[in-house]
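Notes follow once the structure below has been shown.
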Amino acid sequence: MRIDEIFYSIQGEGTRRGRPCAFVRLTGCPLRCVWCDTSYAFSGGSEMGITEVLEALVPYPTRLVCVTGGEPLAQASVHELMESLLEQGYTVLLETSGALDIRGVDPRVHRIVDLKAPGSGEEARNLWSNLDALGPGDELKIVLADRGDYEWAKSRLLEHRLERRVAAVLLSPVHGVLDAATLAAWILEDGLPVSLQQQEHKLLWPGVERGV
């Protein structure tokens with residue numbers, strides 16, 4: 001498989017944010033979200049076997065691994081990688097765009113699935129059947145650029161009762177575009193059953209793209 005980077009940092013998103021975590025970032029993504037902050041992973045990287053990836057993780061003092069991208073599900077071998085990580089005793093998180101089918105993912109993996117709001121430019125790529133595959137160990141993330149995105153997310157939340165399908169629905173403001181306090185005020189006004197999240201790694205290491 002083609003790997004962009006493997007690193008150790010603080011998990012910046014989701015219900016496990018703040019925890020030490022090893023990251024395996026796969027190269028390549030079929031989407032081009034307007035606000036993407038990992039466009040460097042669209043191409044390049046290095047070919048690595050599963051054994052090499054496992055060996056690269058050994059020095060890191062954590063049993064939490066996040067498989068991310070790019071879009072990791074775009075590489076078929078990611079399934080074997082995640083299963084190998086599980087067999088090694090890791091807790092495995094998968095961050096995925098929501099554009100590819102998640103039903104083939106090992107049920108022991110905690111899936112963090114995006115819904116693409118209109119401001120992403122990729123709303124049409126949402127695979128809505130993924131909602132029926134979500135379970136109580138999964139999380140759903142919606143990145144918001146403006147009030148229009150928020151109203152779209154609120155409508156989808158109510159239409160599909162998203163908070164009943166997953167461990168958490170995460171609303172995340174585009175860093176540097178939508179003020180987190182403004183988003184917080186909207187959530188409070190509407191009393192939405194969601195979690196506001198900021199990208200902790202960007203607050204801890206501003207301006208640093210890789211390795212965080």
- request: Output the qualifying pairs, or none if there are none: Cβ atoms under 6 angstrom, residues six or more apart or on different chains, first residue in segment 32-55 and at pLDDT below 95, second residue open to solvent by 60 Å² or more (accessible area, probe 1.4 Å).
  value: G45/R2
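Restricting attention to segment 37-93, which residues are β-branched (V, I, T) and farther than 22 Å from R108 by Cα?
First, pick out the residues of segment 37-93 that are β-branched (V, I, T): 38, 50-51, 53, 58, 62, 65, 67-68, 78, 91-92.
Listed by number, the list holds a single entry, T38.
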query: For segment 151-167, which residues satisfy the criterion of being in contact with a strand residue (DSSP E or B) (Cβ under 9 Å, 6 or more places away or on another chain) and either within 21 Å of R111 (Cα to Cα) or touching a residue at least 60 places away in the same chain (Cβ under 8 Å) (or both)?
result: A153, R156, L157, L162, E163, R165, V166, A167
- request: Could you check how many residues of segment 41-54 are in a loop (DSSP other than H, G, I, E, B) and in contact with a Ser or Thr (Cβ under 7 Å, 6 or more places away or on another chain)?
  value: 3
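Considering only segment 129-173, state which residues are among the charged types (D, E, K, R) and assigned to a helix (DSSP H, G or I). Don't jump to the end; show me each part of the working.
As a first pass, look at segment 129-173 and keep what is among the charged types (D, E, K, R): 132, 138-139, 141, 146-147, 149, 151, 154, 156, 159, 161, 163-165.
Of everything in segment 129-173, those that are among the charged types (D, E, K, R) and assigned to a helix (DSSP H, G or I) turn out to be D132, R147, D149, E151, K154, R156, E159, E163, R164.
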- request: Hey, could you check segment 1-40 for residues that are of a type in the set (A, V, I, L, M) and not in a strand (DSSP E or B) and say which is nearest to Y60 (Cα to Cα)?
  value: M1
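Table: residues versus (1) of a type outside the set (D, E); (2) under 16 Å from the mean Cα position of the chain (by Cα); (3) open to solvent by less than 20 Å² (accessible area, probe 1.4 Å).
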site: H160; (1), (2), (3): yes, no, no
site: H175; (1), (2), (3): yes, yes, no
site: D179; (1), (2), (3): no, no, no
site: T182; (1), (2), (3): yes, no, no
site: A185; (1), (2), (3): yes, no, no
site: L188; (1), (2), (3): yes, no, no
site: Q198; (1), (2), (3): yes, yes, no
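Can R164 be described as within 22 Å of G69 (Cα to Cα), open to solvent by 30 Å² or more (accessible area, probe 1.4 Å) and not hydrophobic (A, V, I, L, M, F, W, C)?
Here the answer is no, as R164 does not meet what is asked.
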message: What pairs come out if I take residues in segment 188-212 that are closer than 19 Å to R25 by Cβ and in contact (Cβ under 8 Å) with a residue 60 or more places away in the chain and pair them with residues that are open to solvent by less than 60 Å² (accessible area, probe 1.4 Å) and of a type in the set (D, E) whose C-beta lies under 7 Å away, six or more apart or interchain?
response: Q199/E13; R210/E5; G211/E5
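The values are calculated or read from the model by the stated rules, or taken from the named source; none is laboratory data. Please read all numbers here as calculations on a predicted model, not as lab measurements. Neighbour counts run over all protein chains shown; Cβ positions are idealised from the backbone, glycine included. Protein only, heavy atoms only, side chains kept; ligands, DNA and RNA dropped before computing areas. Shrake-Rupley method; radii C 1.70, N 1.55, O 1.52, S 1.80 Å.
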